[in-house]
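Contents: one structure, followed by commentary.
Nothing in this text is a laboratory measurement; each read-out follows from the coordinates by a stated rule. A quick note: this is a predicted structure, and the numbers were derived from the prediction, not measured. Ideal geometry is used to build each Cβ from the backbone, glycine not excepted, and the neighbour counts take in all protein chains shown.
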Amino acid sequence: MAGFKTIDDLDVAGKRVLVRAYLNLPMKDGAITDTTRIDRTLPTLDQLVDKGARVVVASHFGRPKGQVVAELSLKPVAEALAQALNRPVAFAADCVGAPAQEAVAALGDGGVVLLENLRFHGGEEANDPAFAGQLAELGDLYVNDAFSCAHRAHASTEAIARLLPAAAGRLMQSELAALEGALENPQHPVAALVGGAKISTKMAVLGHLLSKVDQLIIGGGMANTFLHARGVDVGKSLC
């Protein structure tokens with residue numbers, strides 16, 4: 001796992017840096033109820049801004065399944081991000097095409113823009129190379145700070161990393177360092193606790209963990225799949 005590049009390895013001054021963040025914030029009645037996911041990516045954004053980068057933030061929000069869903073717009077998140085950064089954050093009405101290109105072109109050094117929901121385009125979850133190419137046109141460098149999405153091969157997490165010089169953001173860096181300490185040279189006994197809704201996207205991760213840990217504990221919605229396989233009635237729960 002060692003040897004991955006970080007933002008320390010990038011010359012970002014005056015460059016357009018496309019940052020894949022995880023800003024899928026919990027909301028109720030159109031209001032954000034928890035800004036933790038913004039707070040966790042602030043170290044990356046702050047350092048890029050301080051170094052004079054032109055920061056282009058990309059994220060998904062909810063599961064619009066390739067359709068434009070007004071309730072899943074990231075516009076409210078742009079306002080919350082601006083408050084957290086204590087600086088203006090522009091908002092692009094789309095994540096690709098003319099709206100995104102114009103918003104990025106208007107950035108000065110140290111400026112920040114948030115792109116509209118990546119999942120309004122089916123090419124995101126399909127890991128479509130053409131869609132990744134459109135995203136890559138918006139940046140000179142790519143920084144992945146979305147650890148929670150890193151297990152998914154989507155256009156903004158996998159395909160784009162093949163098109164631009166890529167590095168890990170501070171959140172990604174800290175998570176990878178923690179994993180390395182826990183899995184490469186662990187002090188046994190070691191247990192891993194894995195949660196989430198969908199088991200299908202985590203099978204490879206679980207298989208890898210089984211060779212590293214003494215106990216693997218499954219929680220969250222995906223535990224129901226294992227309970228069901230053992231004959232436990234999970235009712236109408238996700239399975």
Report Rg (one decimal) and Dmax (nearest whole number) for segment 84-215, counting Cα atoms only, units Å. 17.8, 54
Which order results if HIS151, HIS60 are arranged by neighbouring Cβ count within 10 Å, fewest first? HIS151, HIS60
So what is the diffusion coefficient of the chain in µm² per second by Stokes-Einstein at 4 °C and 1.567 mPa s, using a Kirkwood Rh over Cα pairs? 68 µm²/s
Please report the spacing between the Cα centers of segment 119-184 and segment 19-79 in Å, no decimals. 15 Å
Over the alpha-carbon set of segment 91-139, divide Rg by the Kirkwood Rh and report the Rg/Rh ratio to two decimals. 0.98
Can you tell me what percent of all Cα-Cα pairs in segment 41-125 are more than 19 Å apart? 37 percent
What translational diffusion coefficient, in µm²/s and rounded to a whole number, does the Stokes-Einstein relation yield for segment 186-229 at 20 °C and a viscosity of 1.002 mPa s, taking the hydrodynamic radius as the Kirkwood radius over Cα pairs? 197 µm²/s
Just to be sure I understand: with springs between alpha-carbon atoms less than 10 Å apart, which residue in VAL194, VAL19, VAL57 has the highest mean-square fluctuation in the Gaussian network model of the chain? VAL194
Over all directions, the average projected area of the alpha-carbon convex hull for segment 147-239 comes to how many nm²? 7.5 nm²
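Taking a threshold of 24 Å on the Cα-Cα distance, which of the pairs LYS75/LYS198; LYS198/LYS236; LYS5/LYS51 fall above it?
Distance filter (> 24 Å) returns LYS75/LYS198.
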Counting every Cα pair in segment 31-79, what percent are over 14 Å apart? 62 percent
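For ILE160, ILE38, which order do you get if you count the other beta carbons within 10 Å of each Cβ and list the fewest first?
ILE38, ILE160
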Counting other beta carbons within 10 Å of each Cβ, put VAL12, VAL49 in order, fewest first. VAL49, VAL12
For the chain the mean separation of alpha carbon contacts under 8 Å (6+ apart) over residue count, i.e. relative contact order in percent, is 20 percent
